[in-house]
1. Inside the range 237-267, can you point out the residues that are in contact with a helix residue (DSSP H, G or I) (Cβ under 9 Å, 6 or more places away or on another chain), aliphatic (A, V, I, L, M) and over 26 Å from Phe4 (Cα atoms)?
2. If we keep just the residues of the range 96-114 that are hydrophobic (A, V, I, L, M, F, W, C) and touching a Gly at 6+ places or on another chain (Cβ under 9 Å), which is farthest from the ligand (Cβ to nearest atom)?
3. Looking at (1) closer than 19 Å to Trp233 by Cα; (2) out of contact with any His (no Cβ under 9 Å at 6 or more places or on another chain); (3) surrounded by 14 or more Cβ atoms within 10 Å (Cβ to Cβ), find the lone condition where Asn161 falls short.
4. What residue, of Val78, Val73, Val57, is touching a residue at least 40 places away in the same chain (Cβ under 8 Å) and either out of contact with any strand residue (DSSP E or B) (no Cβ under 8 Å at 6 or more places or on another chain) or crowded, with 16+ Cβ neighbours inside 10 Å (or both)?
5. Looking at (1) more than 12 Å from the ligand (Cβ to nearest atom); (2) within 30 Å of Gly171 (Cα to Cα); (3) free of Cβ contacts under 8 Å to residues at least 60 places away in the same chain, which one does Glu249 not meet, given that it meets all the others?
6. Among (1) outside any loop (DSSP other than H, G, I, E, B); (2) touching an Asp or Glu at 6+ places or on another chain (Cβ under 7 Å), there is one condition Val136 misses while meeting the rest; what is its number?
7. Condition (residue is in a strand (DSSP E or B) and over 28 Å from Gln6 (Cα atoms)) applied to the range 268-286: is it met by at least one residue?
Amino acid sequence: MTLFPQPGADTSAWRILHDAKADLWVDHFDGRWLVQTREAKMPGFLLPPGEGVARSVYWRPRDKAAGTAPERVSGEEVRERFAVRENGASFWIDFAAGYSCGIFTDQRLNRRWVAEMAGPGQRVLNTFAYTGGFSVMAARSGAETTTADLSGTYLDWTWDNFALNGLERSGHHGVKGDAFGWLRTFARQGRTFHGIVLDPPTFSRSGKDTFRTDRDYGSLAALAVSVLEPGGWMLCCANTHRLSGGHFERDVFSGIRSKGRKILSSESPPMPPEFRGDDYLKTLRLRVE
Ligand SMILES: C[S@@+](CC[C@H](N)C(=O)[O-])C[C@H]1O[C@@H](n2cnc3c(N)ncnc32)[C@H](O)[C@@H]1O
């Protein structure tokens, strides 16, 4: 069992162990381990190294439907939310929040890319935003942001993350509701963005329609590009094993081209190194004419 070392001095949250074959995943959140397994019990062999290097070990079965909060296995009790660092930014983690506890560690390098791409004078739209990690990165770089999510709880969490980073709310907007609906509204209003993040769940309901990443990404990309400024950038992510990198690229490209837009550059980087060998998260980083 190899534990992945801390990726940098200014990062205290990362996937310290990722073994998809063994159905075993461990996130390190500033010294607190969150162990997830497919099996309905904590693997005993993890305890010795866990106790040696972690101040707390929490475990939960990886069962999204159950939405179980993790239970303490050893070490300090984590009673309240706590902050972690990632590439200089800070984010709240809450073990009591249910299935997802604040940030997805697999998006670390994409969050860094958004920080590099965003800058003063830009408007950045973060759709399917969850706790606003990409919005925080864009705002820290000086961009104005719009954060869209179905959940008011996650929008509130986004503003808490802004406050944690010392970011003022002015120039930053939150829109609650269906991202597809908001993209259509922005297009009607002529509201445009210099950068757009698309990171939808694998499956989502949008009004009467359903969205499936492996079937409908092209139409999502087409909607998004209709509110993208000329020369703008897009981060497109798809979190599913069911879609190959090639298939994903074809879908995104055809959606963008269906609106008569030309792709100036495209990059499909691998996942952070601690996830290599699994590569379920597909990423496209684009510039569009
Ligand atoms: C996989 S998470 C996104 C993770 C996020 N991009 C990040 O990196 O932290 C999916 C998010 O999409 C939101 N969501 C699901 N369906 C949606 C929809 N139709 N419109 C807007 N948000 C939606 C959920 O509430 C959840 O916060």
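The values are calculated or read from the model by the stated rules, or taken from the named source; none is laboratory data. These numbers come from a predicted model, not from an experiment. We place every Cβ from the backbone using ideal geometry, glycine too, and count neighbours over all the protein chains shown.
1. Leu243, Val252, Ile256, Ile263
2. Step one: of the range 96-114, the residues hydrophobic (A, V, I, L, M, F, W, C) are 96-97, 101, 103-104, 109, 113-114.
Next cut, touching a Gly at 6+ places or on another chain (Cβ under 9 Å) only: 103-104, 114.
Values: Ile103: 6, Phe104: 5, Val114: 10 Å.
Among them, the one singled out is Val114.
3. So Asn161 meets the others, but not (1).
4. Values: Val73 fails: touching a residue at least 40 places away in the same chain (Cβ under 8 Å); Val57 fails: touching a residue at least 40 places away in the same chain (Cβ under 8 Å).
None of the other options fit; the residue is Val78.
5. Every listed condition holds for Glu249 apart from (2).
6. Val136 satisfies all of (1) outside any loop (DSSP other than H, G, I, E, B); (2) touching an Asp or Glu at 6+ places or on another chain (Cβ under 7 Å) except (2).
7. Narrowing the range 268-286 to residues in a strand (DSSP E or B): 281-286.
Restricting the remaining residues to those that are over 28 Å from Gln6 (Cα atoms) gives 286.
Within the range 268-286, one or more residues are in a strand (DSSP E or B) and over 28 Å from Gln6 (Cα atoms).
Every residue, every condition in (1) within 18 Å of Ile16 (Cα to Cα); (2) assigned to a helix (DSSP H, G or I); (3) at pLDDT 95 or above; (4) not small (Gly, Ala, Ser), yes or no:
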{"residue": "Arg79", "(1), (2), (3), (4)": "no, no, no, yes"}
{"residue": "Arg85", "(1), (2), (3), (4)": "yes, no, yes, yes"}
{"residue": "Trp92", "(1), (2), (3), (4)": "no, no, yes, yes"}
{"residue": "Tyr99", "(1), (2), (3), (4)": "no, no, no, yes"}
{"residue": "Arg108", "(1), (2), (3), (4)": "yes, yes, yes, yes"}
{"residue": "Trp113", "(1), (2), (3), (4)": "no, yes, yes, yes"}
{"residue": "Glu116", "(1), (2), (3), (4)": "no, yes, yes, yes"}
{"residue": "Pro120", "(1), (2), (3), (4)": "no, no, yes, yes"}
